[in-house]
Amino acid sequence: MFSKSCEYGLRAVIFIAQQSTQNNKVSISTISEEINSPSAFTAKILQQLTRTNIVKSIKGPYGGFMIENEKMDTKLSEIVSILDGDSIYTGCGLGLKQCDASSPCPLHFKFIEIRENLRDMLENTSLKSIADDMNSDLTILRR
């Protein structure tokens, strides 16, 4: 459903959020290792998230990436929008270029409900809530 860059971006921002709740700044190498992603690709994604002020990048020997407290209320939908746009809410479930109510794919009408549920989950889930779940050992990012 998500592009690879969006998957890595979500994993990275969730990991950074969890570390930020413990006042830790994390390096690109640590992030890449923890979320099992290529370092250069992760760095490029984090540049986008830094430019849009979701993630803060601190340079220097004690630097790293972090998320400031006021950004912890950011919803996952905002991150998905930055990285993938809104195509996840409008695209065809089978990836067809032409798919709408007048010429639907076989999954079109069933996929509408899935998209609505996904939008609801993304719009109602904050970085803080996920970081809290991770701090409570309810979820993990890496297997």
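The values are calculated or read from the model by the stated rules, or taken from the named source; none is laboratory data. Here the structure is a predicted model, which means the values were calculated and not measured. Here the Cβ positions follow ideal geometry from the backbone for every residue, glycine too, while neighbour counts run over all protein chains shown. Keep in mind that these areas ignore ligands, DNA and RNA; they rest on the heavy atoms of the full protein, side chains included. Shrake-Rupley method; radii C 1.70, N 1.55, O 1.52, S 1.80 Å.
Computed values, structure above
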| quantity | calculated |
| --- | --- |
| Residue-level accessible surface for residue 65, protein heavy atoms, 1.4 Å, Å² | 30 |
| The stretch 1-89 - percent of accessible surface contributed by carbon and sulfur, probe 1.4 Å | 47 |
| Convex hull projection area averaged over all views, the chain, Cα basis, nm² | 9.4 |
| Local electrostatic count at residue 66 - Lys and Arg +1, Asp and Glu -1, tallied over other residues with Cβ under 14 Å | +3 |
| Label point distance in nm, residue 129-residue 48, each placed 7 Å from Cα along Cα→Cβ | 2.4 |
| Separation of the residue 73 and residue 97 label points, Cα + 7 Å toward Cβ, nm | 4.3 |
| By accessible area with a 1.4 Å probe, ligands and nucleic acids excluded, highest first: order of 112, 54, 130 | 112, 130, 54 |
| 1.4 Å probe accessible area per residue over the chain, in Å² | 60 |
| Filter on 4/128; 44/71; 4/71; 71/97; 44/110; 97/128 - keep pairs with C-alpha separation over 25 Å | 71/97; 44/110; 97/128 |
| Dimensions (Å) - the stretch 81-125, Cα atoms, principal axes, largest first | 32, 20, 14 |
| Largest-first ellipsoid semi-axes for the stretch 57-113, taking √(5λ) over the Cα gyration tensor eigenvalues, angstrom | 39, 12, 7 |
